[in-house]
Amino acid sequence: MMKKIIVFMLVLLSSTLCLSSCSKDDDINLSKESVIGTWDVTWAEMDGESLDVPAGYVYITLNNDGSYKVVMFSDRYSGTYKIEGNTVIGTTLDPITEYFKFTKLEGDNAEIDYSNSEEEINEDTPSAGL
């Protein structure tokens with residue numbers, strides 16, 4: 001089941017997510033205060049094509065205690081995270097390391113590129129973003 005989740009996450013190249021947060025432009029330096037909450041995926045891009053994602057179907061919840069949860073349709077998993085510069089680095093219980101790199105943060109909208117440690121293991125897996 002985790003493999004199915006990872007494959008779906010790899011399909012997402014660039015997503016817009018919603019959450020009330022601080023806004024920064026070019027030089028994004030995240031803090032816990034700017035990422036805590038539930039990020040709802042509203043669109044993704046794959047191979048240059050935009051994909052609309054219905055609200056509430058895919059989301060990430062980042063908690064103040066350093067834990068996080070990802071829900072994709074009926075699948076869910078959790079782990080812990082830390083922040084380095086403009087990237088939230090999560091480690092799942094499997095363990096798989098996930099990288100949520102914030103490339104844009106304006107008001108309650110963000111664009112995030114996603115990648116994970118499974119890409120290093122499986123060379124046939126396409127690069128991805130979230």
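Just so you know, all these numbers are worked out from the coordinates, no wet-lab data involved. Fair warning: this is a prediction, and the values are worked out from it, not measured in the lab. Neighbour counts are summed over all protein chains in view; Cβ atoms, including those assigned to glycine, are modelled from backbone coordinates with ideal geometry.
Key figures
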item	result
Under 5 Å, built H, 5+ apart or other chain: amide partners of Asn109	Leu19
Among Ala55, Tyr68, Asn116 the positive-end extreme of the charge dipole of the range 48-117 (Cβ point charges)	Tyr68
